[in-house]
Amino acid sequence: MSFPITVIAFDLFGTVFDLSGVSHQEIKDYVAHIRQPEWSPLQLPKSWEHLPAHPDSSEGLERLRRKFFVVTCSNGPLGLTAKLSKNAGIRWDCIIPLELNRVYKTNFRAYMTVCEILSVSPQQVMMVTANKDFGDLEASVALGMTSMLIRGTDGPQTIIELAASLGC
């Protein structure tokens, strides 16, 4: 049985928020932390509290919200996600707090948290990322989600282009 996509879940760092001003070492430290075998709270540098949104993020997300339930699926702590979003004028239908399940992406349970909180099947979720090598694409597809790479060499370059391609 096929289900229509009703939820679009967004990775945040690099996808919605611009990491171009973050040092390579800070990104390496972030990835090393979330790849540890045991979960521990994520403490990001203060500079991450002021990440700018990509110029297309707010408008693109608003367009998508007209037709879909638009949520986060990010390793970022709930408080940081809320601050960044408020500062950038970004509204979500739901901020999914992965930290409450004590899990980070690319653990399958992270993506399933979206499904559990919203009572949807993986087939009803599209996972959107701009990070082709992080593992979001592979993990979400393995669970039956649709995955979408933006800001890459193929497909939509912006969230606005993604929204247009989905009829928003």
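The numbers here are math on the coordinates, done by the rules we state, and not lab data. Because the structure is a prediction, the values reported are computed rather than measured. Reconstructed Cβ throughout: ideal geometry from the backbone, glycine too, with neighbour counts over all protein chains shown.
Mind checking which of Glu59, Glu38, Glu138 has the largest fluctuation in a GNM of the chain, springs on alpha carbons under 10 Å?
Of Glu59, Glu38, Glu138, the Gaussian network model singles out Glu38 as fluctuating most.
Restricted to Cα positions, what overall size does the range 13-157 have along the principal axes? Three whole-Å values, descending.
Principal-axis extents of the Cα atoms in the range 13-157, largest first: 35, 35, 30 Å.
Counting pairs on different chains as well as pairs 8 or more places apart, how many Lys pairs in the chain have Cα atoms under 23 Å apart?
Within the chain, the lysine pair count is 10.
For the range 7-165, what is the percent of antiparallel DSSP beta bridges, rounded to the nearest 5?
Numbers: 1 of 15 bridges.
Roughly 5 percent of the beta bridges in the range 7-165 run antiparallel, per DSSP.
Which value, in debye to the nearest 20, describes the size of the charge dipole of the chain about its Cα centre when Lys and Arg Cβ atoms bear +1, Asp and Glu Cβ atoms bear -1, and nothing else is charged?
On the way: 15 positive and 17 negative charges, 62 e Å.
The calculation lands at about 300 debye.
Using a Gaussian network model of the chain whose springs link C-alpha atoms within less than 10 Å, name the residue from Leu149, Leu51, Leu118 with the highest mean-square fluctuation.
Maximum among the listed residues: Leu118.
At what distance in angstrom do the alpha carbon centres of the range 1-32 and the range 54-69 lie from each other?
15
Of Met126, Thr81, Leu12, which is farthest on the positive side of the dipole of the chain, counting Cα position, with +1 on Lys and Arg Cβ, -1 on Asp and Glu Cβ, and the Cα centre as origin?
Thr81
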